[in-house]
Structures are given as C-alpha cells and as structure tokens.
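This report refers to the structure that appears directly beneath it.
The values are calculated or read from the model by the stated rules, or taken from the named source; none is laboratory data. Quick caveat: nothing in here was measured; it's all calculated off a predicted structure. Glycine gets a Cβ as well: all are built from the backbone with ideal geometry, and neighbour counts include every protein chain shown. The area values use the complete protein model at the heavy-atom level, side chains included, leaving out ligands, DNA and RNA. Shrake-Rupley method; radii C 1.70, N 1.55, O 1.52, S 1.80 Å.
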Amino acid sequence: MTKVREEYDIVVVGAGHAGCEAALACARLGCETILFTISIDSIAMMPCNPNIGGSSKGHLVREVDALGGEMGKNIDKTFIQSKMLNESKGPAVHSLRAQADKQEYSKQMRITLENTDGLTIRQAEVTELLVEEGKILGCKTDSGAIYSCQAVILCTGTYLKARCIYGDVSRDTGPNGLQAANYLTDSLRKLGIELYRFKTGTPARVDKRSIDFSKMEEQKGDPKIVPFSFSTDPESIQKEQVSCWLTYTNEETHQIIRDNLDRSPLFSGVIEGTGPRYCPSIEDKVVKFADKNRHHVFIEPEGLYTNEMYLGGLSSSLPEDVQYAMYHTVAGLEKVKIVRNAYAIEYDCINSRQLKPTLELKEISGLFSCGQFNGSSGYEEAAAQGIIAGINAACKVLGREPLILDRSQAYIGVLIDDLVTKENHEPYRMMTSRAEYRLLLRQDNADLRLSEIGYKIGLVDKAIYQKVCQKKKDIESEICRLEQIQVGANNKVKEILEEYGSTPLKTAVSLAELIRRPELSYEKLEKLDPDRLPLPADTIEQININIKYDGYIKRQIKQVEQFKKLEKKRIEEDFNYDAVESLRNEARQKLKMYRPISIGQASRIAGVTPADISVLLIYMEQMRRKKE
C-alpha cells in the first residue's frame, strides 16, 4: 500500500503555546515548516487557568515579544481584564497579568498560524521519530505517513501517555478530554531518551448563574491598561473590562478534605507522577499548611460568551461528590453547579539534563524539545522555550550560529539554564527569585534588552527596531540633561517640594537628584522643567527607574561583568574530565553527565563545588599553555 511521503525543513510536534511560537519562528525565518496537532481545535488551548502573565511569567511574555514572538500580541487582542501585579513593590517584580477569552485567544492564534507563509498545519498523531547515526531524518504518523526533515521540535505538552484522574475515575485522555498521544513515548525510549512521569492539575469550571457574587470581593482591572506587546498602541486597547472575584475556603472546607484524603488518588498512590510544588492542589495545601484556616479562591471568567467560571486555587483530584461538598462550604459557592470537574493529569516528559542550552538533544542532532515536555509548568514558560527552540532549529537548518541567552540577559536565559543544569524532579515554574540579576531583567525594559537580538535574527522588523533605538537615545539624552539642570532653594521649588511632602533644599541640586527622592518623580517636577519636550509614557517610566535605582543598577552591572568572565571560559564539547585527576568523583560524574558549555554553567551544576571549578580552571590553563 502506498504511503504518503512529504519533505519539510522542520517538523513541530504539538500546537500548544510552545508549538505555536516554535512553528512561527521557524516559518518566519524562511524554513518550510509543518505543525502537527492531535486536534486543530486545540491550537493554543488554555486547558488550565484563563490568563497570561503574572508574577515572573509576565517577564517571559514581554521577552518573547521583544524577540519577535506572538504571545504578547495575541493576548492584547483577546484579553478581558488586565492588571499590573506587585505595584506596591519595586519595579523588578512588577508583572503584568491579563485574563483571556480562552476561545478567542485560541481562534486568533490559529488565524495567525494559518496565514503565515511557509507554515502548514496538519491534524495527525506523530508516533515515531526517524533517526540514523544520531541524526534526525524525519517522523512517522499513526497513518504510516513519513515526513522527512532536517529538524524536529517536540512540544507535546501534557499529552504523552496522558491520564486524567479524579477520585476513582481514570481515563487515558489528554486535557479537556482530548485524545492522548500514546505511541511516541515508545519511540523516544528506544532512542535512549530518559523520561519522567509528571503530574499537574486543574480546578473545576462552574456555572456563573449558580454563584452568589454578593458574598465575594470584586477584583477589577486597572483603569489604565498596559499592553503586553511593545508593538501594541496602548490607546487601541483601552476598553471596558470584566471583573474577577475573590472568596476563601474555611475550616469546614478543610475538614471535608481531611475526612476524604483516603479517597484522593494523590494520597492513595493512584497518581504516580510528581506534581508542581508551587501550584499545589487544595488537598495538598490543606495537608502541608495545616495551620492556615483559609486559602484564596479566585473566581475568573473563561470568556465573554460563556458562563463557565474558573475556580483558581481549588485544583483537585478528589471525587466528584467531595468536590461538590467542599465547594458548597465556600462563601458565594453554596449553590454552585459544576460544568467540568477538577482533575489531575499525568504525562510523560523528558529529563531536561539531556538538552543543550539551545534546547537540542545532546545525543540526537536536529532533535529539539520545549515546553511542558521539558518538565516545566505554565503557558508562558512553554512559549519562551518554544521561540528559542524554533530559532535554534531554524539556525541549524540555515547553517547559522545558535541563540543562547544567558542568565544576565533574560528570564528566558534563567529558565533554560535552570532546566539544563539542575536536577528537576518536579514541574519547573519560573519565579522572580530565581533570577539573580532581576533589577536589570525587568519586564518594562525587555524591548531595550532583546529587540536588537530579535532584529538580527530576523524576527523583529526594522521599523520596530528603529523605534526601540530611538527610545534608547531619548532615555540616555534626557537623563543626561536632568543631571545637568540645577535648581536652587527658591520659593517656587520650596512650594512644589511642600506639595509632595519633600524636604526643602538648602543648596542647589540637579533635577535628577530630586527625582531620586522616593516621593518625587519625573512627572511631578514638570513645573520646574519648562524646557522639557514631550515623551512617551514608557520612555518616562525608564527615565524614572534608571535615575531612582542608579546605584543598585551599577552594582548589579558589576556583578554581571564577573558572571560574564566565567561564561566566556568555554569548555569543549569533547572535554576529557577523566584526565583531570584532582576532580572529586561526584563532580566528574555530574560534569560528564551534563557536558556544560562553559565554566559558568559548570559552576551551577548540583554537586560541583567552587573547589572543583578551581581545579578545572587550573587544568584548562595548563592545557592552554601546552598548546602554545
């Protein structure tokens, strides 16, 4: 029987948030790309929370956008509420978060994919990878069709050997009852790829008409909406927003959970996969935080044209009757009706130590991996890995240098470095605390940090890049001007300082010095600066931050310079660690396992001590001198 045979440059397996960014990057860089999905209706689906962004995740979305990705643009088209989190704290942890219309988000991403030149979408299950002599040659689908290619990107999310569970109900399906991918795992194991079994979960969806919102706290969006994408005109997205709501569990809720722990597959041993530490189920929270008498429950709309509401904070795998019982104890949910039960989902994913920082497998040339399949958690983490895997797969096909972002350049660099250098035995979630240089890696300056890289790669167009260059010039020249303008202790200055509760001047100071005062800002000093030219709000934001945090920023830049010195000390791929006699056995084993590309990366591997790094440096210097 004749089988279909087609040729592409790159095959992308999976059309979730990682797959969408990977496929778009490949096609936009000129590679003929095919994107496989088990269901075309599940493209860019949000099987869990109906939002994009949030603490640290908002940073990732902004960085994806600055590199030329799509997630930020897509959420700007489809959000129903927007909020800047952590505004009472410093700018390093400010994070944008937007509620999405889930169906509209998926629809708009599909429209973008379908209208991208060089990109084909195909509904089929990839069941086998074709590899010869450690090199990817293509893949095979469940129909037996063969697709030859030079690179494959695996973005399987939570679909590989997926199993959805609540109570004693267990079904071999992917999220939302979609078909699982049951055959690719065997092909991966035959290739020697090590897999983990991870678990995540999602709360119930309930009928809006059965909720008593009068017993809850209304959570409104920000009056002034800030876009995710740097290319979105802020004025174009100012609109009426939908409210979210806040309520709480209580001791009665917790007692129902405790009384039914023996029926929880999480505690009975039915669920084998390791769950996310930083996004636990409600039964996990009740057990681990026994001293807490309540937990937050966020009621979030799933879209404008549905009555489904998401119960954020109540992820669970408890039986259906227990779910009903505990929901009915929560203020405002006493008569709530379930539309979709909460469930846990188990799935196969890769041990990410097998990856290079480019997200290519060390042992199989041309095979890339990204998203939840790499053992991470979250739409934003997936998209961030997707665009990097897509760029690097395209670079491999086109014979170009790969892109590796380090920890001092981007949250994306931190995310990928953590995945490939640390032993991750649970789903990895991005957090601001993971980024050592977070004052430099703010969400507000992602365009200034990464647009040049996106432009040079070919994903950011010239007009956008020129706009960023102009913004940089405006910031630098305005800060320089403010440092030079002196104001004295006259009545006008005294009057303005009194207005904002600021200490009067005794001697003349620069306007920049005044802006450094916590209670003052660039905008508040406008009356003292009649010669200033009008500037965009995002430029003014950068001026304020750069002036106010100048000392801290300079200190962190010095730390980065030290970090860069270790990152520049490259380690050859075939480096013989057995020849370094003074290395401890544990360090030798770990270094041979991870094959770090630099001394900096080696220093971050668990089990490698500063003493081991010193031994390595001495040996490498000796080898360098011998060659001379």
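Residue check: is residue 497 at pLDDT below 95, among the hydrophobic types (A, V, I, L, M, F, W, C) and in a helix (DSSP H, G or I)? Yes: the conditions hold for residue 497. In region 77-95, the qualifying residues are those that are basic (Lys, Arg) and within 30 Å of residue 112 (Cα to Cα), and the one that is least open to solvent (accessible area, probe 1.4 Å) is 83. Pairs meeting the criteria (first residue in region 107-133 and within 17 Å of residue 366 (Cα to Cα) and touching a residue at least 24 places away in the same chain (Cβ under 8 Å), second residue assigned to a loop (DSSP other than H, G, I, E, B) and open to solvent by 40 Å² or more (accessible area, probe 1.4 Å), beta carbons under 9 Å, at least 6 apart or on different chains) are 126/142; 126/183; 128/183; 129/191; 131/191. All conditions but one from (1) open to solvent by 40 Å² or more (accessible area, probe 1.4 Å); (2) in a loop (DSSP other than H, G, I, E, B) apply to residue 522; the one that does not is (1). The number of residues in region 429-467 that are touching a Ser or Thr at 6+ places or on another chain (Cβ under 6 Å), closer than 26 Å to residue 372 by Cα and surrounded by fewer than 24 Cβ atoms within 10 Å (Cβ to Cβ) comes to 5.
Filtering 626, 565, 590 for residues that are surrounded by fewer than 17 Cβ atoms within 10 Å (Cβ to Cβ), under 34 Å from the mean Cα position of the chain (by Cα) and assigned to a helix (DSSP H, G or I) leaves a single hit, 565. Inside region 151-165, residues that are open to solvent by less than 40 Å² (accessible area, probe 1.4 Å) and either without any contact (Cβ under 8 Å) to a residue 40 or more places away in the chain or assigned to a strand (DSSP E or B) (or both) make up a count of 7. Does region 431-443 contain at least one residue that is at pLDDT below 95, farther than 21 Å from residue 58 by Cβ, part of a helix (DSSP H, G or I) and within 18 Å of the chain's Cα centre (by Cα)? Within region 431-443, none of the residues are at pLDDT below 95, farther than 21 Å from residue 58 by Cβ, part of a helix (DSSP H, G or I) and within 18 Å of the chain's Cα centre (by Cα).
Which number in (1) within 16 Å of the chain's Cα centre (by Cα); (2) polar (S, T, N, Q); (3) surrounded by 23 or more Cβ atoms within 10 Å (Cβ to Cβ); (4) over 18 Å from residue 387 (Cα atoms) marks the one condition that residue 55 misses? Every condition holds for residue 55 apart from (3). The residue list 233, 172, 222 contains one member that is of a type in the set (Asp, Glu) and within 24 Å of residue 21 (Cα to Cα), which is 233. Report yes if some residue within region 136-150 is open to solvent by 20 Å² or more (accessible area, probe 1.4 Å), under 17 Å from residue 15 (Cβ atoms) and either in contact (Cβ under 8 Å) with a residue 60 or more places away in the chain or part of a strand (DSSP E or B) (or both); otherwise report no. No: zero hits. Selection of region 377-390 for residues being among the small types (Gly, Ala, Ser) and at pLDDT 95 or above yields 382, 383, 384, 386, 389, 390.
Number of residues in region 209-257 that are of a type in the set (A, V, I, L, M), farther than 16 Å from residue 96 by Cβ and in contact with a helix residue (DSSP H, G or I) (Cβ under 6 Å, 6 or more places away or on another chain) equals 2.
Residue by residue, here is whether (1) in a strand (DSSP E or B); (2) over 19 Å from residue 11 (Cα atoms) holds:
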position	(1), (2)
318	no, yes
322	no, yes
326	no, yes
335	no, yes
347	yes, yes
353	no, yes
372	no, no
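Yes/no per residue for (1) under 25 Å from residue 559 (Cβ atoms); (2) without any contact (Cβ under 8 Å) to a residue 12 or more places away in the chain:
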residue	(1), (2)
428	yes, no
438	yes, no
451	yes, no
454	no, no
463	no, yes
472	yes, no
479	yes, no
485	no, no
